[in-house]
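Chemist: Please see the structure below; I have some questions.
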Amino acid sequence: MLAVVLAVVLALSATLTVLAVPADADRPLPFAPPADGPTVPVGTRAGEIGISARAGAGQLVVDLATPRTGDSSGPSYALTATLANPRGTTRPLKLRGCGTGCFYAPVSWQEGTSRLTLTASAGQWQGGRAGLTVTWPPRPDAGLLREAVAAMKAVPRFTLHELVTSNTARDLGNQKELPLTGADFLASEPYGSGTASVTTRLPDETGHRRLALAYPTEHTQLELTLDEHGRILHETIAAPYHLVTRTFVYPEPDEETSHDH
């Protein structure tokens, strides 16, 4: 008899679960929904707030980060977003929280390049407005990253011009010039082994191939612009606490020859 009662209770419980009222569409989510298929990673910085975003089929997820303070409660994050599709039609996105500093919006991406305008704030930290571009659909291209790494390994010397900032509202940082070899440079890069968690090909720009990389667990995105030999010309790194802008200058062929002799 007890077994029969338990079976009835379990069946009723299952029925109630199935027939439960759907969650409020405005209620925060416990975590970001996983992406269905490849994603397009993009990142930037709004003042002192790091912005890490990924566009997936039917969705956009944005993570915000501020400098570490040791305060376990953390700042109160806020974000608004506007999307301009490839035809230029603009609309605000309806964002839902998905964890600390995490925001989710349903988006039906259209083929081509869309533009996001984000306005972020986080307690005492200086925020502001930032722009991102999303080219849909994703074009995974791990081979192009391997080509770039192989080309950089063969570079005997170049000069790296680097700007690093933690607050884009102030400036992009003071420029540093670093003489390097390609191998030394790759030794300090997350993609130095020729792999990245996410790779996607971006549209060419002035005849140069471009590649977006991402390391989602570190909330870090990179954008590389390559020359005709596969060497890196420009690199942007959007990490939680810094924005890094790099330009690579290579010796002219005759200069390289004279240096070797």
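The values are calculated or read from the model by the stated rules, or taken from the named source; none is laboratory data. Computed from a predicted structure; not experimentally measured. Here the Cβ positions follow ideal geometry from the backbone for every residue, glycine too, while neighbour counts run over all protein chains shown.
Chemist: Return the total of residues in the stretch 127-165 being crowded, with 16+ Cβ neighbours inside 10 Å, closer than 20 Å to A78 by Cβ and more than 16 Å from the chain's Cα centre (by Cα).
Modeler: Residues meeting the conditions: 2.
Chemist: Would you say A214 is hydrophobic (A, V, I, L, M, F, W, C) and closer than 28 Å to A46 by Cα?
Modeler: Answer is yes for this residue.
Chemist: Within the stretch 85-106, how many residues are touching a Ser or Thr at 6+ places or on another chain (Cβ under 9 Å) and either part of a loop (DSSP other than H, G, I, E, B) or at pLDDT below 95 (or both)? Before you say what the answer is, go through the steps one by one.
Modeler: Here is the first cut: in the stretch 85-106, the residues touching a Ser or Thr at 6+ places or on another chain (Cβ under 9 Å) are 85-86, 90-93, 95, 101.
Cutting the leftovers down to either part of a loop (DSSP other than H, G, I, E, B) or at pLDDT below 95 (or both) gives us 85-86, 93, 95, 101.
Of the residues in that region, 5 qualify.
Chemist: Taking the residues in the stretch 30-62 that are of a type in the set (D, E, K, R) and under 11 Å from the mean Cα position of the chain (by Cα) as candidates, determine which candidate is surrounded by the fewest Cβ atoms within 10 Å (Cβ to Cβ).
Modeler: Once the filter is applied, the top-ranked residue is R54.
Chemist: Hey, another quick one. Being under 18 Å from the mean Cα position of the chain (by Cα) and assigned to a loop (DSSP other than H, G, I, E, B) is the filter here; which residues of the stretch 107-124 pass it?
Modeler: V107, W109
Chemist: Related question: Of the numbered conditions (1) in contact with a Gly (Cβ under 8 Å, 6 or more places away or on another chain); (2) modelled with pLDDT of 95 or more; (3) hydroxyl-bearing (S, T, Y), T80 fails exactly one; give the number of that condition.
Modeler: (1)
Chemist: Further question: Restricting the search to the stretch 125-168, which residues are of a type in the set (A, V, I, L, M) and assigned to a strand (DSSP E or B)?
Modeler: Listed by number, the residues that qualify are A130, L132, V134, L160, L163, V164.
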